[in-house]
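Undergrad: Before I ask anything, let me first share the structure, which is written out below as structure tokens.
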Amino acid sequence: MLLLIPLFPFVGFLVNLAFGRRLSKTASASVACAAMAASLVVSMAAVVALVQHAPDARIIDQSVYDWIASGDLDVPLAFRLDPLSAVMILVVTGIGFLIHVYSAAYMEEETPSEYARYFSYVNLFASFMLVLVLGSTFLVMFVGWEGVGLCSYLLIGFWYRKKSASDAGKKAFIVNRIGDYGFLVGLILVFVHFGTLDFHRVAQAIAPLAPEGTFGPLSLIALLLFVGATGKSAQIPLYIWLPDAMEGPTPVSALIHAATMVTAGVYMIGRNAVLYSHAPHVLAIVAGIGAATALLSATIGLVQNDIKRVLAYSTVSQLGYMVLAMGVGAYAAGIFHLYTHAFFKALLFLGAGAVIHALHGEQDMRRMGGLRHALPITFWTFLVATVAIAGVPFFAGFFSKDEILYQVYATGHPWLWLIGTVTSFLTAIYMFRVVFLTFYGKPADAVGAQHVAPLHDLVEPAPKRPEEEEPAAPAGRLHDAPPLMAIPLVVLAVGAALAGYLGVSPSLGGVNQIATFLAPSFTVERLPPIAEGVRPLAEREPGRPGAPETPTAPESPNAPGEPSELGLMGIATFVALAGIAVAWYLFLARRDVTAALARRLAPIHRLLLHKYYVDEAYQAVVVDPVVTASEKGLWRGVDAGLIDGAANGVGRLVRGTGGLLRTVQTGSLRAYAVSLLVGVVLILAYLVWR
């Protein structure tokens, strides 16, 4: 059944690609949504079959056929379902299906051919992501890895006639190619070092080894693979593509940010947990980059005015949390946050899309305000997602974010815990800033007049509109999300509120079920038996001395109810509520204070507004020299000068030689006789001379 999971959306892609021009919009959307629904149903059935096995036997393998067999390289097209990939396929198909349904209404204004093109791309995107998470080898994962990179280019640049969209698509594609180069080199080193590309075989080979005390081959492999993760999961220094990804349609942003591409790097680290656990130096780098990315992007999100761009930097920050968890060895906590984040981040983007849809394409929050009365469904669902991402008890984000912060502190990283806590405070501020600027206050330009005018020397004001006096946006002029958009919003809001209860901390009297479920995926103490009829991967190695018979979830450093975890939880709760209070004061109650503060801190405000000038630095240090070298050196010097010069020079030589020879073709018999006589004389003279 595993092959069917990515196959259904791939068939949907083929149908819309081949027949989309001849299908109605309803038919195109129905094909795409039905494909995702079928994939979701099969995924659920496969996961049900998986959980019926004992915890140490939860693995289902399917080898489709021998893909590559050359010398020592033997790579089947094989899929593997275990607890980790089970969580991922449910996220991809479940969240992906809701985004497909939402898209049917959101993209309604597109022409039938563009509508079908959109749905063919999103089906292909989901199919490649499912290949990535189900692949049992590095090479099958790499197919999905490259596939989602291609689809991100196609979808971010979907409105390719818009220069900013086409540029953003190219930026995402090129930046990810840089990361993928590191991943590919790491993949090659895996095969050179271990003679296999199968994840379990590699883990079996690594498990008996001691963690590297110096930077050895395992560390090099782990670091190169992480370079790929920094591209896919938008970490420093390759995070710059993700904020620009909001140039695509809003449902695309939800798909990329919540369910597919950006989670690939986090998943890859979790899939290779045994490798990373044996490379402590790389884990330290991973944790540091995750913490730095989380804090950096959170500060940028404080001052952005485009609603989707704020959410984009929020994604980068939350991905930093996940990578931080992986870096301290809290793999289950990182995947737990990936799972809860999928609900509230998809809801945030789809809610923003409903606002943009109601305002006919407007994305600048300075031209919004007072929308909660006109868009009640959008407002309440968006508020649930905002509360969840801010870490308010007892919503989904509270459980997963608190688990990460606790694990970071418990593993002996107090400074990284402090960075994570500060980031949580900033998250509550910038997310409730979005809520207050969009849904509260006076409508449209009345907000702009109060908030933008005092900052005219710091930010570019929103374009002027006729002043409106109403205290709230008139309901008759705006429309809330239609049913096909509202239903996914409500379902995701339920998930954003309740998804975290799969991982309730023992300190709160709960059981961290998701950590227990995921534990076997992060260890090879005892590999599960292979299903009958499947070619064995390798001889099973006995457990290491003293290893438990069945993998269990990591023991909490503190017994249930011990004050340290509850104390950290209390700090996290206080920080979240304090951030909300600060946002209320600055962006709703006293916006004059905000304006004065921005003027007083003008250099810092400008620095954040321009995103630390990172894009400008890349432009000056990387892009401009490459363009100059390409234009003046490669194009004019090599292409036009050398290659074209050589080709044209040969032509000129032949033409000149032909012109010279043509002069002897006079057509006069007397001249030909004389030339014949001269030739004979010369030959005879030469012979006599010899």
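The values are calculated or read from the model by the stated rules, or taken from the named source; none is laboratory data. Everything numeric here is computed off the predicted structure, so don't read it as measured data. Note that each Cβ is placed from the backbone with ideal geometry, even for glycine, and that neighbours are counted across all protein chains shown. Please note that ligands, DNA and RNA were not included when accessible areas were found on the heavy atoms of the full protein model with its side chains. Shrake-Rupley method; radii C 1.70, N 1.55, O 1.52, S 1.80 Å.
Undergrad: Under the condition of being in a helix (DSSP H, G or I) and more than 16 Å from the chain's Cα centre (by Cα), which residue from segment 82-92 is nearest to residue 56 (Cα to Cα)?
TA: So the residue we want is 83.
Undergrad: Determine if segment 64-73 includes at least one residue that is farther than 15 Å from residue 133 by Cβ, out of contact with any Gly (no Cβ under 9 Å at 6 or more places or on another chain), in contact (Cβ under 8 Å) with a residue 60 or more places away in the chain and surrounded by 16 or more Cβ atoms within 10 Å (Cβ to Cβ).
TA: No, the conditions are met nowhere in segment 64-73.
Undergrad: Further, regarding this structure: What are the residue pairs meeting all of these: first residue in segment 93-108, first residue within 19 Å of residue 4 (Cβ to Cβ), second residue of a type in the set (Asp, Glu) and at pLDDT 95 or above, Cβ atoms under 7 Å, and 6 or more apart or on different chains?
TA: Correct list of pairs: empty, since none qualify.
Undergrad: So which residues in segment 492-512 are assigned to a helix (DSSP H, G or I) and more than 23 Å from residue 98 (Cβ to Cβ), if there are any at all?
TA: Of everything in segment 492-512, those that are assigned to a helix (DSSP H, G or I) and more than 23 Å from residue 98 (Cβ to Cβ) turn out to be 506, 507, 508.
Undergrad: Being open to solvent by less than 20 Å² (accessible area, probe 1.4 Å) and modelled with pLDDT of 95 or more: is that true of residue 36 here?
TA: Considered against the rule, which asks whether it is open to solvent by less than 20 Å² (accessible area, probe 1.4 Å) and modelled with pLDDT of 95 or more, residue 36 comes out as yes.
Undergrad: If we keep just the residues of segment 169-198 that are of a type in the set (Phe, Trp, Tyr) and either under 25 Å from residue 239 (Cβ atoms) or outside any helix (DSSP H, G or I) (or both), which is most open to solvent (accessible area, probe 1.4 Å)? Spell out how you get there, then give the answer.
TA: Looking only at segment 169-198, we keep the residues that are of a type in the set (Phe, Trp, Tyr), and these are 173, 181, 183, 191, 194.
Restricting the remaining residues to those that are either under 25 Å from residue 239 (Cβ atoms) or outside any helix (DSSP H, G or I) (or both) gives 173, 181, 183.
Numbers: 173: 72, 181: 160, 183: 0 Å².
Filtering first and then ranking leaves 181.
Undergrad: For residues that are within 22 Å of residue 298 (Cβ to Cβ) and among the small types (Gly, Ala, Ser), tally how many sit in segment 596-624.
TA: Residues meeting the conditions: 3.
Undergrad: For residue 261, work out the one condition from (1) surrounded by fewer than 24 Cβ atoms within 10 Å (Cβ to Cβ); (2) of a type in the set (A, V, I, L, M); (3) under 30 Å from residue 118 (Cα atoms) it doesn't fulfil.
TA: That leaves (1) as the condition not met.
Undergrad: Only residues that are assigned to a helix (DSSP H, G or I) and without any contact (Cβ under 8 Å) to a residue 12 or more places away in the chain: list them for segment 153-166, please.
TA: 163, 166
Undergrad: Given the options 638, 626, name the one that is at pLDDT below 90, within 30 Å of the chain's Cα centre (by Cα) and in a helix (DSSP H, G or I).
TA: Selected residue: 626, the only one of 638, 626 that is at pLDDT below 90, within 30 Å of the chain's Cα centre (by Cα) and in a helix (DSSP H, G or I).
Undergrad: What is the residue count in segment 98-130 for residues that are part of a helix (DSSP H, G or I) and open to solvent by 20 Å² or more (accessible area, probe 1.4 Å)?
TA: Total satisfying the criteria: 9.
Undergrad: The conditions are (1) aliphatic (A, V, I, L, M); (2) touching a Lys or Arg at 6+ places or on another chain (Cβ under 7 Å); (3) under 26 Å from residue 613 (Cβ atoms), and residue 307 fails exactly one of them. Which is it?
TA: Condition (2) is where residue 307 drops out.
Undergrad: Please verify whether segment 640-657 includes one or more residues that are polar (S, T, N, Q), under 30 Å from residue 239 (Cα atoms) and open to solvent by less than 70 Å² (accessible area, probe 1.4 Å). Before the answer, list the steps.
TA: Initial filter on segment 640-657 (polar (S, T, N, Q)): 648, 657.
Still in the list and also under 30 Å from residue 239 (Cα atoms): none.
For segment 640-657, residues polar (S, T, N, Q), under 30 Å from residue 239 (Cα atoms) and open to solvent by less than 70 Å² (accessible area, probe 1.4 Å): absent.
Undergrad: Just checking, does segment 240-249 include any residue being over 24 Å from residue 339 (Cβ atoms), outside any helix (DSSP H, G or I), out of contact with any strand residue (DSSP E or B) (no Cβ under 9 Å at 6 or more places or on another chain) and of a type outside the set (Gly, Ala, Ser)?
TA: Taking every residue of segment 240-249 in turn, at least one turns out to be over 24 Å from residue 339 (Cβ atoms), outside any helix (DSSP H, G or I), out of contact with any strand residue (DSSP E or B) (no Cβ under 9 Å at 6 or more places or on another chain) and of a type outside the set (Gly, Ala, Ser).
Undergrad: Please verify whether residue 224 is part of a loop (DSSP other than H, G, I, E, B), modelled with pLDDT of 90 or more and open to solvent by 10 Å² or more (accessible area, probe 1.4 Å), treating the condition exactly as stated.
TA: Considered against the rule, which asks whether it is part of a loop (DSSP other than H, G, I, E, B), modelled with pLDDT of 90 or more and open to solvent by 10 Å² or more (accessible area, probe 1.4 Å), residue 224 comes out as no.
Undergrad: Now for a separate question. Does residue 140 count as open to solvent by less than 10 Å² (accessible area, probe 1.4 Å), in a helix (DSSP H, G or I), within 20 Å of residue 281 (Cβ to Cβ) and β-branched (Val, Ile, Thr)?
TA: Here the answer is no, as residue 140 does not meet what is asked.
Undergrad: Any residue in segment 85-92 that is without any contact (Cβ under 8 Å) to a residue 60 or more places away in the chain and farther than 25 Å from residue 273 by Cα?
TA: Among the residues of segment 85-92, not one is without any contact (Cβ under 8 Å) to a residue 60 or more places away in the chain and farther than 25 Å from residue 273 by Cα, which makes the answer no.
Undergrad: Checking residue 118 against (1) more than 27 Å from residue 270 (Cβ to Cβ); (2) more than 21 Å from the chain's Cα centre (by Cα), which single condition isn't satisfied?
TA: Every listed condition holds for residue 118 apart from (2).
For (1) aliphatic (A, V, I, L, M); (2) within 30 Å of residue 369 (Cβ to Cβ); (3) open to solvent by less than 10 Å² (accessible area, probe 1.4 Å), each residue gets a yes or a no:
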site	(1), (2), (3)
392	yes, yes, no
400	no, no, yes
419	yes, no, no
429	yes, yes, no
441	no, yes, no
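Undergrad: Can you tell me which residues in segment 601-622 are open to solvent by less than 60 Å² (accessible area, probe 1.4 Å) and among the β-branched types (Val, Ile, Thr)?
TA: 614
Undergrad: Scanning for something surrounded by fewer than 24 Cβ atoms within 10 Å (Cβ to Cβ) and assigned to a helix (DSSP H, G or I), does segment 209-217 turn up at least one residue?
TA: Yes, because at least one residue in segment 209-217 is surrounded by fewer than 24 Cβ atoms within 10 Å (Cβ to Cβ) and assigned to a helix (DSSP H, G or I).
Undergrad: Now a separate question. Report whether or not residue 24 is open to solvent by 50 Å² or more (accessible area, probe 1.4 Å), over 17 Å from residue 121 (Cβ atoms) and among the polar types (S, T, N, Q).
TA: Yes, satisfied.
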